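Enquirer: Okay, here's the structure, questions in a sec.
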Amino acid sequence: MSENPSLIAKFRKGINRGDSWLTYDLGRLFTADVLKEDAIDELGDRLLLADAGIEVTTWLTERLGAELRAGRIKNEAQLRAALKKALLEILQPIAKPLVIPPFIKPYVLFVAGVNGVGKTTTIGKLAARFKNEGRHVLLAAGDTFRAAAVEQLNTWAVRAGVPLISQGAGADSASVIYDAVQSAKSRGADLVIADTAGRLHTQSHLMDELRKIKRVVQKHDAYAPHEVMLVVDATTGQNALNQAVQFHEAIGLTGITITKLDGTAKGGVLLAIARRLALPIRFVGLGEAIDDLEPFNAEAYVDALIG
């Protein structure tokens with residue numbers, strides 16, 4: 001994707017709101033014309049504090065250290081340029097927007113994640129985004145374990161102006177989502193966004209239920225769900241990476257959305273997830289408003305981080 005000044009501004013505004021890990025200007029860390037000997041170590045410490053993880057931090061510091069020793073990095077501006085290039089190598093391959101082919105109808109999108117990550121809010125924002133693009137969207141209230149989840153999703157459905165299929169608390173989640181896909185077919189809907197119960201990735205019986213939902217929906221379409229999107233919360237740091245790894249092993253993720261980048265100094269976990277799993281990052285959450293969910297753009301993100 002090419003650079004978009006307004007998008008960079010939105011990313012920078014959102015990320016700065018949380019005093020993110022590198023928006024504190026690198027120039028304040030390395031002010032001399034000639035970098036200090038421990039400049040790379042300082043940067044490594046900052047990356048670790050930001051939850052970028054050992055793997056990413058080691059790769060970046062070894063690479064930048066080699067450039068420094070070779071004389072290709074001599075000052076802060078050159079360090080900034082080299083860091084930007086290295087970050088883009090990690091992030092550009094996984095900056096893949098969600099594309100819904102017109103010939104798949106209805107397109108079935110599962111949204112998974114643990115309680116509290118902003119999953120229901122993300123579903124509401126996705127519904128509004130795709131409806132604004134002219135698509136006929138239908139929501140499925142598959143999180144039937146928590147009564148409040150259905151109510152919350154209904155609130156978002158009303159805000160986004162899209163229909164919601166639900167059966168109330170305690171209903172069989174697979175049955176709700178099956179009915180939603182059937183309803184979407186009869187209504188000629190383009191997209192079904194299905195909520196699934198917010199569950200801990202360590203609870204194997206609940207992971208088994210997610211697999212059951214997949215099997216039931218495949219009675220409608222052998223290739224459904226077409227997208228299995230995990231929502232993770234940037235403020236949870238390395239736990240977000242652990243969730244991504246275990247959900248991917250359990251149900252086979254096809255994309256990730258990262259919320260609350262505006263509320264954390266630990267946005268580096270996005271790098272850790274990209275490096276470990278190489279799964280597409282679909283969207284990032286930069287605020288509470290209904291339009292504060294942006295397709296992930298690697299250049300805008302890196303420019304917002306390091307200027």
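Enquirer: Restricting to helices (runs of 4 or more DSSP H) lying wholly in segment 202-292: which have 1 or more residues that are closer than 23 Å to D190 by Cα?
Expert: On the way: elements: 204-217, 238-251, 269-277.
Of the helices (runs of 4 or more DSSP H) lying wholly inside segment 202-292, those with at least 1 residues that are closer than 23 Å to D190 by Cα span 204-217.
Enquirer: How many residues are in contact with a strand residue (DSSP E or B) (Cβ under 8 Å, 6 or more places away or on another chain) and either surrounded by fewer than 18 Cβ atoms within 10 Å (Cβ to Cβ) or at positive phi (or both) if we restrict to segment 136-149?
Expert: Step one: of segment 136-149, the residues in contact with a strand residue (DSSP E or B) (Cβ under 8 Å, 6 or more places away or on another chain) are 136-143, 149.
Applying the additional criterion that residues be either surrounded by fewer than 18 Cβ atoms within 10 Å (Cβ to Cβ) or at positive phi (or both) yields 136.
The total comes to 1.
Enquirer: From the list P295, P225, P280, which residue is within 21 Å of P101 (Cβ to Cβ) and buried (at least 23 other Cβ atoms within 10 Å of the Cβ)? Steps first, please.
Expert: Details: P295 fails: buried (at least 23 other Cβ atoms within 10 Å of the Cβ); P280 fails: buried (at least 23 other Cβ atoms within 10 Å of the Cβ).
Step by step, each of P295, P225, P280 is checked, and only P225 is within 21 Å of P101 (Cβ to Cβ) and buried (at least 23 other Cβ atoms within 10 Å of the Cβ).
Enquirer: Only residues that are at pLDDT 90 or above and touching a helix residue (DSSP H, G or I) at 6+ places or on another chain (Cβ under 6 Å): list them for segment 45-67, please.
Expert: Selection gives E55, V56, T57, L60, T61, R63, L64, G65, E67.
Enquirer: On to the next question. Count, please, the residues in segment 150-169 that happen to be surrounded by 19 or more Cβ atoms within 10 Å (Cβ to Cβ) and in contact with a helix residue (DSSP H, G or I) (Cβ under 8 Å, 6 or more places away or on another chain).
Expert: 9
Enquirer: OK, next. Please find, among L241, L191, the residue that is in contact with a Phe, Trp or Tyr (Cβ under 7 Å, 6 or more places away or on another chain), surrounded by 20 or more Cβ atoms within 10 Å (Cβ to Cβ) and farther than 22 Å from A148 by Cβ.
Expert: Numbers: L241 fails: in contact with a Phe, Trp or Tyr (Cβ under 7 Å, 6 or more places away or on another chain).
Of L241, L191, the one residue that is in contact with a Phe, Trp or Tyr (Cβ under 7 Å, 6 or more places away or on another chain), surrounded by 20 or more Cβ atoms within 10 Å (Cβ to Cβ) and farther than 22 Å from A148 by Cβ is L191.
Enquirer: Right, here's the next one. Taking the stated definitions as given, is R199 under 22 Å from the mean Cα position of the chain (by Cα) and either modelled with pLDDT of 95 or more or assigned to a helix (DSSP H, G or I) (or both)?
Expert: Working: under 22 Å from the mean Cα position of the chain (by Cα): yes; either modelled with pLDDT of 95 or more or assigned to a helix (DSSP H, G or I) (or both): no.
Taking the combined requirement at face value, the residue does not satisfy it.
Enquirer: Still on this structure, please answer the following. Out of L126, L109, L98, L60, which single residue is surrounded by 23 or more Cβ atoms within 10 Å (Cβ to Cβ) and outside any helix (DSSP H, G or I)?
Expert: Numbers: L126 fails: outside any helix (DSSP H, G or I); L98 fails: surrounded by 23 or more Cβ atoms within 10 Å (Cβ to Cβ); L60 fails: outside any helix (DSSP H, G or I).
None of the other options fit; the residue is L109.
The values are calculated or read from the model by the stated rules, or taken from the named source; none is laboratory data. Quantities reported herein were computed from a predicted structural model and do not represent experimental measurements. Because the Cβ atoms are built from the backbone with ideal geometry, glycine has one as well, and the counts that use them run over all protein chains shown.
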